[in-house]
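Down below is the structure, laid out as structure tokens.
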Amino acid sequence: MKRTLIMFSLVWLMFNHFSLSAGDRKTDIANKMEKVEKLEGKEKYDDAEEVLVDLLDKYSDYGKAWDKLAEIREKQYQLAKRTSNIFSNITITRKDKNGNDVAVSPQDDTLTQKLATLFSEINPSKKVYNKMMLGCRLGCMYSNNAWLCSIRLRGAYVDALTDTNINASAKKYFSSAEIEFRGRNYNKAAEYYQKAIDADPSVYKARLYLGDVYYMTKRYDDAITAFQQAVASHP
């Protein structure tokens, strides 16, 4: 009886320990995500990024934080792109021999050109973009539900590939499939994507989007096959 009580006590302590740990995790995540939202609202993106990185160091499986990090870095990227164009909008003036201001083209100003060259070599927007995409990749590696990260990666590196030199019939079927897919007529879309493939087996996106159709209709084995065939056509 005594042994049974001891075992029961141990199980009870373990259960409460893990329950508290789960509760602490949930509270910690909620507090940090709330802080991120406030910082984002104030456009303090660097501070928001810092909080998210700290959160993900502790809870790398939390997909929503990876998605939010990608969103914050997207805003940093847009700001960096604007900064990268600073020299295209700059106005330079010099004094002539009479002391009057004379406008000078940035292309005719040596110092401005040197600064522009240096800035292009540093290319802050490219660095931010690469950091954003790396974060998306890590999100997909560490979490099963970093959906926005997955979508960004696919849009940048998978959907961006284009079909070239495909025949007219395949193009026509593919266009019809796209219309049906946008209308959520998935069975009809699948039919047209398949016709595009039959008309021209080199149509990469028809295989890729056929996989999407199967995924949307929960034909997961067929989706895997279609995706594998798309990958095989563009290794």
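Only one residue in Tyr215, Tyr173, Tyr220, Tyr157 is aromatic (Phe, Trp, Tyr), open to solvent by 70 Å² or more (accessible area, probe 1.4 Å) and within 30 Å of Ala80 (Cα to Cα), so which one is that? Before the answer, list the steps.
Values: Tyr215 fails: within 30 Å of Ala80 (Cα to Cα); Tyr173 fails: within 30 Å of Ala80 (Cα to Cα); Tyr220 fails: within 30 Å of Ala80 (Cα to Cα).
Result of the check over Tyr215, Tyr173, Tyr220, Tyr157: Tyr157.
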**Fill in**
Within segment 223-235, the residues that are surrounded by 14 or more Cβ atoms within 10 Å (Cβ to Cβ), under 16 Å from Asn165 (Cα atoms) and not hydroxyl-bearing (Ser, Thr, Tyr) are none
**Asked** What are the residues in segment 181-199 that are free of Cβ contacts under 8 Å to residues at least 24 places away in the same chain and closer than 9 Å to Val213 by Cβ, if any?
**Response** Tyr193
**Complete:** When segment 138-154 is checked residue by residue, the ones that are open to solvent by 50 Å² or more (accessible area, probe 1.4 Å) and within 15 Å of Asp57 (Cα to Cα) are Leu138, Met141, Tyr142
**Asked** All but one of (1) touching a residue at least 24 places away in the same chain (Cβ under 8 Å); (2) open to solvent by less than 40 Å² (accessible area, probe 1.4 Å); (3) more than 14 Å from Met132 (Cα to Cα) hold for Ala65; which doesn't?
**Response** (3)
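Which ones in segment 160-170 are open to solvent by less than 70 Å² (accessible area, probe 1.4 Å) and either among the polar types (S, T, N, Q) or in contact with a strand residue (DSSP E or B) (Cβ under 7 Å, 6 or more places away or on another chain) (or both)?
To start, the set of residues in segment 160-170 that are open to solvent by less than 70 Å² (accessible area, probe 1.4 Å) comprises 160-161, 163, 166-167, 169-170.
Scanning segment 160-170 gives Asn167, Ser169.
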**Asked** Can you tell me which residues in segment 190-203 are among the aromatic types (Phe, Trp, Tyr) and either open to solvent by less than 10 Å² (accessible area, probe 1.4 Å) or on the phi > 0 side of the Ramachandran plot (or both)?
**Response** Tyr193
**Request:** Could you grab me the full set of residues in segment 176-189 that are open to solvent by less than 70 Å² (accessible area, probe 1.4 Å) and in contact with a Ser or Thr (Cβ under 9 Å, 6 or more places away or on another chain)?
**Result:** Tyr186, Ala189
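The values are calculated or read from the model by the stated rules, or taken from the named source; none is laboratory data. Being a predicted model, the structure only gives us computed values, none of them experimental. Methodologically, a virtual Cβ is constructed for each residue, glycine included, from the backbone with ideal geometry; neighbour enumeration extends over all protein chains shown. Protein only, heavy atoms only, side chains kept; ligands, DNA and RNA dropped before computing areas. Shrake-Rupley method; radii C 1.70, N 1.55, O 1.52, S 1.80 Å.
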